[in-house]
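Since the structure comes first, as structure tokens, the remarks are kept for the end.
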Amino acid sequence: MSLDQLIKKCKKQDAKAQEQLYRLYGSKLFSICLKYSNNYASAEDTLQDAFITIFDKIAQYKGKGSFEGWIKRITINTALQKFRKQKVFEIISEEQIEEVEVEVQEDEISLDFLLEIVQQLPDRYRLVFTLYVLDGYSHKEIAGMLTISIGTSKSNLARARNILKEKIETNQEQLRVQSLEG
């Protein structure tokens with residue numbers, strides 16, 4: 001069955017088509033949910049909420065643009081909705097922002113470790129870091145999505161990078177000590 005046929009059946013609330021759509025896109029959307037969540041269970045909840053929204057709003061998809069892009073956007077918005085209601089952002093001035101460069105030996109850091117330390121970031125830092133670094137949004141776009149100032153977005157990104165840099169450096173040092181002992 002083609003994607004267009006699958007979408008048409010989902011618009012008619014066909015449960016088998018919905019299940020097939022879930023199987024087709026579930027893992028891709030779950031990886032997005034993991035980036036925005038602080039743990040696996042929260043990512044699962046976000047994925048479920050995203051699919052509920054996708055199935056509720058699928059009639060609004062008119063076939064213009066990428067369907068995958070449309071459902072990814074819904075997933076990101078679903079993840080962000082959890083945090084919009086909370087006041088998780090600290091307002092600061094742009095003068096307090098310090099740029100941080102992180103140098104990483106690619107063979108020394110696993111993707112699992114990177115995902116783990118990103119998930120450990122405080123919510124406000126993780127959201128801005130994920131939107132800016134992993135998904136390519138501008139600070140202006142992030143500010144609009146999260147209803148914060150551009151300066152707050154830049155500040156939270158800088159702080160996220162600082163935290164990640166410290167964790168990466170600690171991990172690299174631990175790996176060096178282990179290799180010397182081994």
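The values are calculated or read from the model by the stated rules, or taken from the named source; none is laboratory data. All values reported here derive from a predicted model rather than from experimental measurement. Don't worry about glycine lacking a Cβ; one is built from the backbone with ideal geometry, like all the others, and counts go over all protein chains shown. All accessible areas refer to the heavy atoms of the entire protein, side chains included, with ligands and DNA or RNA removed. Shrake-Rupley method; radii C 1.70, N 1.55, O 1.52, S 1.80 Å.
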Select from region 36-84 the residues that are assigned to a helix (DSSP H, G or I), of a type in the set (Gly, Ala, Ser) and more than 18 Å from Val118 (Cβ to Cβ) and write down the one among them that is most open to solvent (accessible area, probe 1.4 Å). Ala59
Looking at region 29-36, is at least one residue out of contact with any helix residue (DSSP H, G or I) (no Cβ under 7 Å at 6 or more places or on another chain) and closer than 24 Å to Lys82 by Cα? yes
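From the list Asn77, Asn156, Asn171, which residue is under 26 Å from Ile54 (Cβ atoms) and either under 13 Å from the mean Cα position of the chain (by Cα) or modelled with pLDDT of 80 or more (or both)?
Details: Asn156 fails: under 26 Å from Ile54 (Cβ atoms); Asn171 fails: under 26 Å from Ile54 (Cβ atoms).
Exactly one of Asn77, Asn156, Asn171 is under 26 Å from Ile54 (Cβ atoms) and either under 13 Å from the mean Cα position of the chain (by Cα) or modelled with pLDDT of 80 or more (or both), namely Asn77.
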Only one of (1) farther than 17 Å from Glu68 by Cα; (2) without any contact (Cβ under 8 Å) to a residue 60 or more places away in the chain; (3) open to solvent by 40 Å² or more (accessible area, probe 1.4 Å) is not met by Tyr22, so which one is it? (1)
Every residue from region 1-14 that is open to solvent by less than 70 Å² (accessible area, probe 1.4 Å) and part of a helix (DSSP H, G or I): Leu3, Leu6, Ile7, Cys10
Is there any pair with a first residue in region 26-41 that is basic (Lys, Arg) and a second that is open to solvent by 70 Å² or more (accessible area, probe 1.4 Å) whose Cβ atoms are under 7 Å apart and which are 6 or more apart or on different chains, and what are they? Lys35/Leu134
Tell me, yes or no, whether region 96-114 has at least one residue that is of a type in the set (A, V, I, L, M), in a helix (DSSP H, G or I) and at pLDDT 85 or above. no
Can you list residue pairs whose Cβ atoms sit under 6 Å apart, with the first residue in region 153-177 being in contact (Cβ under 8 Å) with a residue 60 or more places away in the chain and of a type in the set (A, V, I, L, M) and the second being part of a helix (DSSP H, G or I) and open to solvent by 30 Å² or more (accessible area, probe 1.4 Å)? Count only pairs 6 or more apart in sequence or on different chains. Leu175/Glu108
Looking only at region 118-134, which residues are without any contact (Cβ under 8 Å) to a residue 60 or more places away in the chain and surrounded by fewer than 18 Cβ atoms within 10 Å (Cβ to Cβ)? Pro122, Val133
Residues within region 139-166 that are closer than 14 Å to Ile109 by Cα and surrounded by 19 or more Cβ atoms within 10 Å (Cβ to Cβ), tallied: 1
